[in-house]
1. Using amide H atoms built in the peptide plane, which far-off residues or other-chain residues are under 5 Å from Ser259 H to H?
2. Keeping every protein chain present and rolling a 1.4 Å probe, give me the accessible area per residue for the range 189-255 in Å².
3. When only DSSP loop residues count, what chymotrypsin sites (Phe, Trp or Tyr not before Pro) in the range 160-261 have their Cβ near at most 14 other Cβ atoms within 10 Å?
4. Could you tell me the calculated FRET efficiency between Asp88 and Ala216, based on Cβ-Cβ distance and R0 = 35 angstrom, to the nearest 0.05?
5. Would you work out what percent of the accessible area of the chain, with all protein chains in place, is carbon or sulfur (probe 1.4 Å)?
6. Once phi is turned into θ = phi - 60°, what whole-Hz ³J(HN,Hα) does the Karplus curve with 6.51, -1.76 and 1.60 give for every residue of the range 343-352, x standing for Gly and Pro?
7. Near the amide H of Phe80, under 5 Å away, which other amide H atoms are found, from residues 5 or more places off or on another chain, if H is placed in the peptide plane?
8. Based on the mean of other beta carbon atoms within 10 Å per residue, what is the order of 99-112, 139-152, most packed first?
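The values are calculated or read from the model by the stated rules, or taken from the named source; none is laboratory data. All values derive from a computational prediction rather than experimental measurement. All Cβ positions, even for glycine, are placed from backbone atoms using ideal geometry, and neighbour counts span all protein chains on display. Ligands, DNA and RNA are excluded from the accessible area calculation, which covers all protein heavy atoms including side chains. Shrake-Rupley method; radii C 1.70, N 1.55, O 1.52, S 1.80 Å.
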Amino acid sequence: MNRRQFSGRVAAGLAGGFAMPGIVLGRKPDDLVRIALVGVGGRGADNLGSVLNQEVVGLCDVDATALGAASKRASHAKAFRDYRRMFDEIHDGIDAVVVSTPDHTHAVIANAAMDLGKHVYCEKPLTHSIHEARVLAGSAARKRVATQMGNAGHSSESTRRVVEIIRSGIIGPVREVHAWSDRPIWPQGVDRPTDAPPVPGSLDWDAWLGPAPARAYNPAYHPFKWRGWWDFGTGALGDMGCHIIDAAFWALDLGAPTSIEAESPPIEDHPDTAPAWSIVRYRFPANGGRETVNLTWYDGGKLPPAELFDGKPPGKGANGSLFVGEKGRLLVGQGGRGGPRLLPEKQFAGAKLPGRDIPRSPGHHEEWLAACRDPARPTGTHFGYAGPLTEVVLLGNVALRAGRKIEWDAAGMRVANGPTDDIYIRRDYRPGWAL
């Protein structure tokens, strides 16, 4: 190939947005990570775009429409409708797997990939249940593979500044945190549909259900609206908690809460879905470096008290968090974006902020890809970190469904003050789909 032909092929590849294995500027072919993706619509399509500079070898989706669109972008990849078949047929040619499916299938796919020794990037929340989060964290440690959860804000400059500011002590010891989201932006607090329209010809409905209990297809579930249904998603809290609570979890080294209490419309009114709104109160015990922390979560239009915002409360379409310290407050946008801002503003006018002492990330996917090449390199939300963060988020759903304050025994992975049989602690699986 002469220089003109080479340049033409590179230009065509960049314009078309598809992967060109071995023809990526600034990278030798043996540096490329061979990646398979499970779930290539929605978030999966975005994740595909972030790894197209690698060697995409496999694409899998239960929806043929999404799979066809992805195949046009990664034309060299082999396409599959079932991830199990993909792993059976081409696992020797895969280095790493990206999982971007609905929440209820994250664990079975990610764990199968790690069992084969593959590095894994998995969308948030990491899992659908606390037991699954512990299984994935254990598998990642045992297999010594590079892992990353898809809460990309963790890798942002803003989140690192939040952690540095909180740890500097400029607002004093923090004992109170508020976190809020504009979700749900899909139906919640609704009844299960009773009609059973035909399954679209492009969709393998049984494979989409995966480990979840069998039910008839309905467009109320797929696409996108699955997030509000207990069997498939984790509601507004599950969708956004791993983004918005992350900065507090990191900066304050929260660990596991000891108690969780939630309020919402009556869960029994619409037992198949998360409620239209919720407020969840977590209590985290003191550790060696800080006092007890109370964290309150709000969604569905609920917000913290207006007086905390220095006269400028967030709108109902906002996402963010607020740290309340003895000397002041820190206001943060979603995933660290949109801030941080010290309050009261007059008090902190001209205040000297701390230096930057946390290493900066090259990017969320880039960080993981570097670890795939050298698993000794750290990632920010490896499963040993992402698992416990996901547990915190899911415990809010346990409290919502319990309808009472729960005392959490983290070591025993159980509710200490009475029985609670809940899918967000441990779930059953359909035959053929066990973890």
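1. Arg283, Trp408
2. In whole numbers, the range 189-255 has 34 Å² accessible per residue.
3. Phe224
4. 0.75
5. Values: 9250 of 18020 Å².
Carbon with sulfur: 51 percent of the solvent-accessible area.
6. 10, x, 4, 5, 5, 9, 4, x, 5, 7
7. Leu59, Cys60, Asp61
8. Most protected by this proxy first, the peptides run 99-112, 139-152.
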